[in-house]
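The values are calculated or read from the model by the stated rules, or taken from the named source; none is laboratory data. Quick caveat, the model's predicted, so the values are computed rather than measured. Because the Cβ atoms are built from the backbone with ideal geometry, glycine has one as well, and the counts that use them run over all protein chains shown. Each accessible area value is taken on the protein alone, full model and side chains, heavy atoms only, with ligands, DNA and RNA left out. Shrake-Rupley method; radii C 1.70, N 1.55, O 1.52, S 1.80 Å.
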Amino acid sequence: MAERENRRDRREREENPEFADRLVAINRVSKTVKGGKRFGFAALVVVGDQRGRVGFGKGKAKEVPEAIRKATEQAKRSLIRVPLREGRTLHHDIEGRHGAGKVVMRTAAPGTGIIAGGPMRAVFEMLGLQDVVAKSLGSQNPYNMIRATIDGLQKEASPRSVAQRRGKKVGDILKRAEAEAAEA
């Protein structure tokens, strides 16, 4: 009896290891058939651990809760890790694109907060960003905005990863960046 309860507890922990999710968009779609119309629902969900991991998923079903569940499962499978500076902002300004959607994301000083539109705001909140300024250009479609945001976040590079790739020390990379900023 106790063994069965332990298995269930372990399974519940594996299914939901402190992930938060946010429903971004729900869309009702209809299909016209001989007897009338059949309605279905499409859901767009963003999932994150609020410590640097985020993913998005979409799900379709005849009922809303089932569509949300499918989208959440897909989002958990598509998680990406994003390096954050001081656990609150981006390391550098980035641009993301997907189709006609383009997003610009900039680092921000402490206390700025999240200055971004709807779908992008959901991604940043689930990621755990606290200070960022972002602007969506082009497509207003939430699917394209989220894909463009994720595309940009995948391009984010921490000084540690750049130094490792170049075979240098982190201090050398940061000194060069500070010197370039002083010249500009």
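What FRET efficiency comes out for the pair LEU23/ILE115, r = Cβ-Cβ distance, R0 = 22 Å, nearest 0.05?
Working: r = 22 Å, r/R0 = 0.99.
Calculated transfer efficiency: 0.50.
Among ALA75, ALA108, ALA61, which one shows the biggest mean-square fluctuation in a GNM of the chain, springs joining Cα atoms closer than 10 Å?
Among ALA75, ALA108, ALA61, the largest GNM mean-square fluctuation belongs to ALA61.
Please go through the stretch 69-104 and write out the GluC sites (Glu not before Pro) that DSSP classes as loop and that have at most 13 other C-beta atoms within 10 Å. Walk me through the intermediate numbers first.
Working: sites: GLU73, GLU86, GLU95; in loops: GLU86.
Loop-located and lightly packed - GLU86.
Counting only protein heavy atoms, what percent of the accessible surface of the chain is carbon or sulfur at a 1.4 Å probe?
48
Calculate, in nm to one decimal, what ARG69 and PHE39 gain on full extension: separation in residues at 0.36 nm each, minus their alpha carbon distance.
Details: separation 30, 0.36 × 30 = 10.80 nm, distance 1.77 nm.
Once the chain is fully extended between ARG69 and PHE39, it gains 9.0 nm.
Where only protein heavy atoms count, and the probe is 1.4 Å, what is the accessible area per residue for the chain in Å²?
Here the residues of the chain average 63 Å² of exposed surface.
With a 1.4 Å probe and all protein chains in place, put LYS34, LYS62 in order of accessible area, largest first.
If we order LYS34, LYS62 from most to least accessible, we get LYS34, LYS62.
Calculated from the structure, mean projected area of the Cα convex hull in nm² equals which of [x] 16.2; [y] 9.5; [z] 13.2?
Step by step, mean projected area of the Cα convex hull in nm² for this structure corresponds to label [x].
For ALA100 and ARG160, what is the calculated FRET efficiency with R₀ set at 35 Å and r taken between the beta-carbons, to the nearest 0.05?
Details: r = 34 Å, r/R0 = 0.98.
Computed FRET efficiency for ALA100 and ARG160: 0.55.
May I ask which residue of VAL47, ILE68, PRO119 lies farthest towards the positive end of the charge dipole of the chain, with charges of +1 (Lys, Arg) and -1 (Asp, Glu) on Cβ and the Cα centre as origin?
Checking the options against the dipole of the chain, the answer is ILE68.
Over the chain, what is the mean sequence separation of C-alpha contacts under 8 Å (at least six apart), divided by residue count, expressed as relative contact order in percent?
Across the chain, relative contact order equals 17 percent.
Sum -39500 (n - 2.57) across every DSSP H segment of at least 4 residues in the chain, then divide by the residue count to get the 222 nm mean residue ellipticity, nearest 500.
Helix-only estimate at 222 nm: -12500 deg cm²/dmol.
Radius of gyration and Dmax for the stretch 20-80's Cα atoms, expressed in Å?
13.5, 50
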